[in-house]
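Report on the following structure.
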Amino acid sequence: MKKIITSSKAPEAIGPYSHANAYGNLIFTSGQLPICKKLGGVVEGGVVAQSRQSLENLKSVLEAGGGELQTVLKTTCYLTDIADFAEFNKVYQEYFGSDCPARSCFAVKDLPLGVKVEIEAIAFIK
């Protein structure tokens with residue numbers, strides 16, 4: 001049975017979707033944007049700050065569903081400028097270390113709210 005996951009630490013969804021869904025022992029997250037719930041908007045500071053905020057939001061959603069960054073099997077990452085790839089990778093590795101999940105990373109034309117990065121994941125529940 002599908003279970004809807006909502007994190008009180010992550011910003012509200014900006015559309016008709018949930019933070020994540022769990023099915024069996026798997027968690028499927030929606031794309032996490034670099035929106036800071038405390039500040040109420042997109043974080044400033046370029047791709048580094050936005051990558052950190054997206055990953056913090058992803059972490060809180062995973063934890064709300066019984067997972068964590070270490071249980072992530074696959075991520076899909078979207079960047080609006082492929083020139084940000086190296087900086088994004090540095091932040092990504094800070095969060096995942098050397099045991100990184102499988103990943104796809106795409107350059108896209110635009111993302112909601114004009115952000116530079118969006119990250120979604122598939123993880124298992126601990």
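Descriptive notes on the structure:
- Here the chain was treated as a single set of alpha-carbon atoms; its pair distances binned every 5 Å from 0 give 2, 12, 23, 25, 20, 13, 4, 1, 0 percent.
- Segment residue 90-residue 14, length gained on full extension (0.36 nm per residue, minus Cα span): 24.6 nm
- The phi torsions of the range 112-126, fed into the Karplus equation with coefficients 6.51, -1.76 and 1.60 and a -60° offset, translate into couplings of x, 6, x, 6, 9, 8, 9, 9, 10, 8, 10, 9, 10, 7, 4 Hz, rounded to whole numbers, with Gly and Pro shown as x.
- Rounded to the nearest 20, the Cβ-based charge dipole of the chain about its Cα centre (Lys and Arg +1, Asp and Glu -1) stands at 360 debye.
- Degrees, to the nearest 10: 85-96 long Cα axis against longest axis of the chain: 30
- Here is how the number arises for the chain: DSSP H runs of 4 or more residues each give -39500 (n - 2.57), the sum is divided by the residue count, and the result at 222 nm is -8000 deg cm²/dmol.
- When cysteine pairs in the chain are screened for C-beta atoms closer than 4.7 angstrom, the residues that find no partner are 36, 100.
- Per-peptide packing, taken as the mean over residues of other Cβ atoms within 10 Å, places 11-19, 53-61, 110-118, 30-38 in the sequence 53-61, 30-38, 110-118, 11-19 from highest down.
- Full extension of the chain between residue 37 and residue 25 gives 1.6 nm of extra length, using 0.36 nm per residue less the Cα-Cα distance.
- Extreme residue, positive dipole direction of the chain, given options 108, 47, 121 (C-beta unit charges): 121
- The simple spin-label model puts a point 7 Å past each Cα toward its Cβ; for residue 63 and residue 104 those points are separated by 2.9 nm.
Computed from the coordinates by the stated procedures, all read-outs in this text should not be read as laboratory data. Remember, predicted model here, so these are calculated numbers, not experimental data. Here Cβ is always computed from backbone atoms with ideal geometry, including for glycine, and neighbour counts include all displayed protein chains.
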